[in-house]
Structures are given as structure tokens and as C-alpha cells.
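The values are calculated or read from the model by the stated rules, or taken from the named source; none is laboratory data. The model shown is predicted, which means the values in this text are computed figures rather than measured ones. Note: ideal-geometry Cβ built from the backbone for every residue, glycine included; neighbour counts use all protein chains shown.
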Amino acid sequence: MATLATQVIPHAGSAPAYSNASAGGDKGATGSGVLLHVKNGDASSHTLTFAIPETVDGQSVTSRTVTVAAGAAKFIPLIDLYKSPSDGLAAWTYDAVTSVTVAVIRVS
């Protein structure tokens, strides 16, 4: 699982650098204004699953899934609900990583 660096986008704008999605999943910072940008260049849609490290009355909270259509891109807020108490990062996996690139960005 790779940890993606958060790229700060200044008011003047910027072109973020993208990484190939990792087969074992990725991690990134959470917080206000932090987004995961997923670009799916594949001919098939792909689903990301975000871990939610919370429990209610001893029961795990269901993970969240987000689907990115074939040939599409999607911004996904990395909210603090996804933050792991062990390392302070959000963690997510992919159903497949063919032609999927990602970047964690924060708007300044």
C-alpha cells in the first residue's frame, strides 16, 4: 500500500502529478479541502473501497464504495471519517488498477 503525498494547489492553479494506483491499495491524508482525484482510463468502470475505522456498539461501520466510470474522472473528498487511528491516514483499495491514476490534492 503506497502513501500518496498531498499536493497543495495554490490559488494561481497548478497541474498535479498523478501516480499509478497500487494493486494493494493506497493511503493519503484526510481533512478539509483534501480530495482524491481518480482518473480511470480503462474500458471498464472501477470501484474504490474506503475503510471506515469506526465501531458503534462494538460493530464495525460499513466501508464506503465509490465507482468511477470507464474513461471518467472523479474527485472524492478524503473526510476525517476515513482517518485511521494508527497512522492518521485514509486507506482505500481498488477492484482493479488497470489504467487508473490518482493524486491526493488540497486546495489552499
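For this structure, a couple of remarks:
- Remark: pairs (first residue in the stretch 57-85, farther than 20 Å from K27 by Cα and free of Cβ contacts under 8 Å to residues at least 40 places away in the same chain; second residue of a type in the set (D, E) and outside any loop (DSSP other than H, G, I, E, B); Cβ separation under 9 Å; 6+ apart in sequence or on different chains) are absent.
- Restricting A96, A70, A91 to residues that are modelled with pLDDT of 95 or more, in contact with a helix residue (DSSP H, G or I) (Cβ under 9 Å, 6 or more places away or on another chain) and more than 24 Å from S108 (Cβ to Cβ) narrows the list to A91.
- Subset of the stretch 66-108 that is surrounded by 12 or more Cβ atoms within 10 Å (Cβ to Cβ) and of a type in the set (S, T, N, Q) - its residue that is farthest from L4 (Cα to Cα): T67
- Meets criteria (crowded, with 17+ Cβ neighbours inside 10 Å and of a type in the set (V, I, T)) for V34: yes
- The stretch 13-31, subset in contact (Cβ under 8 Å) with a residue 40 or more places away in the chain and over 16 Å from W92 (Cβ atoms), residue surrounded by the fewest Cβ atoms within 10 Å (Cβ to Cβ): A17
- Residue in the stretch 1-14 that is of a type in the set (S, T, Y), modelled with pLDDT of 95 or more and closer than 26 Å to S108 by Cα present: yes
- Screening the candidates D26, D42, D80, D57 for the property of being at pLDDT 95 or above, among the charged types (D, E, K, R) and out of contact with any strand residue (DSSP E or B) (no Cβ under 7 Å at 6 or more places or on another chain) yields one hit, D80.
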